[in-house]
Amino acid sequence: MSEDLDPDELLIAELRAFFTEVDPVPPLVSETAKASLGWRRLDADLAELLSDSALDEEPLALTRGAEAPARSVTFSSGELTIDIEVHVDDPGRTLLGQLSPSAPATVEVQMMADESLAAEADRLGRFRVRLPAGGPIRLRVLGADGRGGPPVETSWITV
Amino acid sequence: MIIATTPSLEALIRAADDGDEAAWEAIVDRFAGLVWATARAHRLGPADAADVAQTTWLRLVENLDRIKDPERLGAWLATTARRECLRHIRLQGREFATGEDSVFEAPSEDRAEERLITRERNTALRRAFARISERCQALLRLLAAPESLSYDEIASALAMPVGAIGPTRSRCLDQLRRTPELVGLQIG
């Protein structure tokens, strides 16, 4: 029994039925969302996303025709800053990273779909990782403080 | 003290933060439609929308211990999803996200005869929808999400003032109603 005699409500209801049928949340999307609780941060400090050039409002006219600059993303935990440049070479991605303060450390790239990859940052804090595909990733940095403190994990970003 | 029959969002968030999978699944069940509709309202194709949804849920996982206003979790998710959409659009352009065919996957079922009417109606709606402005498509997509969204959530999903939603909604529904496909149908 419907109390919605308002024509606008009726049309919205019609659209709702339409979208429920033709564009429901794909089951895999819900399942993956439910599985993501397994990625809770347990032992690590969070390095939050500070800036992402993909969100900068640059006029497109300035970059048209020219080689698009690599996306650059910065995370910070307060004590550690992690800068990465994302180079796209489809389907892969190459991350060039810099830890500040610079120090040797192990950088793990965690991916939803693949096994983690690890890279070593050199004594200048630089690292390079090649990923087989794009998608959501986060970095886990171990040993950057040189004192056996907790690892640092970044926010997730999609590359 | 009121004993709620269903756990509050605050309780669900706290439980999920402690690793309670049932609580987390309840949160996902409640808001999966909002996150998906936000991505689709930004005209992302299914693969990009799935990435946006995934990143949005992972963001929530990492922020479970710092959600300040649990009752506005829907708005938080909508804002987070919108920002992820903007990233996608900026990084990849809109090559996958134009035209009615890519906005909605064609329904694959082709079975019972009794569905013919529904199918014709859906075809009419699909075509009509493709004719209205992008802004209207986005707003109506959210207004027609499976679980009704609050204006606060819709405003967050579209970065639109709450006060603009009502008037825009009427205008967009009028646009839709005046399309040739819907003029003939007795809808709304």
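The values are calculated or read from the model by the stated rules, or taken from the named source; none is laboratory data. Only a predicted model underlies this, so the values are computations on that prediction, with no experimental measurement involved. Because the Cβ atoms are built from the backbone with ideal geometry, glycine has one as well, and the counts that use them run over all protein chains shown.
Just give me the residues in the range A:86-119 being assigned to a strand (DSSP E or B) and hydroxyl-bearing (Ser, Thr, Tyr), in sequence order.
Of the range A:86-119, the ones assigned to a strand (DSSP E or B) are A:86-89, A:92-100, A:105-111, A:117-119.
Within the range A:86-119, A:94, A:100, A:106 qualify.
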Legend entry - Some residue of the range B:65-82 being without any contact (Cβ under 8 Å) to a residue 24 or more places away in the chain, more than 8 Å from chain A (Cβ to nearest Cβ) and polar (S, T, N, Q): no
Inset, instruction - Look at the range A:29-51 and say how many of its residues are more than 26 Å from residue A:148 (Cβ to Cβ) and at the interface with chain B (Cβ under 7 Å from one of its Cβ atoms). - result: 7
Legend entry - Positions within the range A:132-159 being away from every other protein chain (no Cβ under 14 Å) and either more than 14 Å from residue A:80 (Cβ to Cβ) or part of a strand (DSSP E or B) (or both), in sequence order: A:132, A:141, A:142, A:148
Legend entry - Members of the range B:95-139 that are surrounded by fewer than 11 Cβ atoms within 10 Å (Cβ to Cβ), within 12 Å of chain A (Cβ to nearest Cβ) and modelled with pLDDT of 50 or more: B:109
Legend entry - Residues of the range B:142-153 classified as more than 12 Å from chain A (Cβ to nearest Cβ) and in a helix (DSSP H, G or I), total: 3
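So if I check each of B:58, B:34, which one is in contact (Cβ under 8 Å) with a residue 24 or more places away in the chain and assigned to a helix (DSSP H, G or I)? Break it down into steps so the answer makes sense when it comes.
On the way: B:58 fails: in contact (Cβ under 8 Å) with a residue 24 or more places away in the chain.
After ruling out the rest, the residue left standing is B:34.
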Legend entry - Test set (1) assigned to a loop (DSSP other than H, G, I, E, B); (2) in contact with a Pro (Cβ under 9 Å, 6 or more places away or on another chain); (3) not charged (D, E, K, R) - residue B:160 fails condition number: (2)
